[in-house]
Structures are given as C-alpha cells and as structure tokens.
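*Asks:* What follows is a structure written as structure tokens; I'll ask about it next.
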Amino acid sequence: MSIRKIATSAEQLQAQSAQMKAQLKKKNDKPFKNFLRKIGNNFIPMIPAFVGAGLIAGKYDFAN
C-alpha cells in the first residue's frame, strides 16, 4: 500500500465517522434525554461531596 492510499482511506474513515456521529447525535436529540442530561450535569459532580460528607459524619459519630 502506498502512502496516498493510506491517506485516502484515513480521510474516508474520518468522513464516515463524522457522518455516523451526526446520525447518532440526531437520533439521541430527544427532549427527555436532553432534560436528563441537564439534570445529570448538575448532580453528578456533587456525588464526591456527598460521599465525603458521609465519611466525615461517620468518623464524627464513631469518635463519639
């Protein structure tokens, strides 16, 4: 295989990948999924804080 064939096939794969991603994004662009995504983006970063608060509360109760 020559370098030109490899470059051409790589470009074709990138174009095909972009097309597949666009189709998947269009398929998943539903109002309920967007709502859940917004809720998740707000609450998922809070999980480590809840776990940390629970550990601190547990250590405090254990010390008493």
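The values are calculated or read from the model by the stated rules, or taken from the named source; none is laboratory data. Computed from a predicted model, the values in this text were never measured in an experiment. Using ideal geometry, Cβ is built from the backbone for each residue, glycine included, and neighbour counts are taken over all protein chains shown. These area figures cover heavy atoms from the full protein model, side chains too; ligands, DNA and RNA do not enter into them. Shrake-Rupley method; radii C 1.70, N 1.55, O 1.52, S 1.80 Å.
*Asks:* Could you list, in sequence order, the residues of the stretch 19-38 that are surrounded by fewer than 10 Cβ atoms within 10 Å (Cβ to Cβ) and of a type in the set (A, V, I, L, M, F, W, C)?
*Replies:* Across the stretch 19-38, the qualifying residue is only Phe32.
*Asks:* Scan the stretch 39-64 residue by residue and report those that are of a type in the set (Val, Ile, Thr) and open to solvent by 80 Å² or more (accessible area, probe 1.4 Å).
*Replies:* Ile44, Ile47, Val51, Ile56, listed by residue number.
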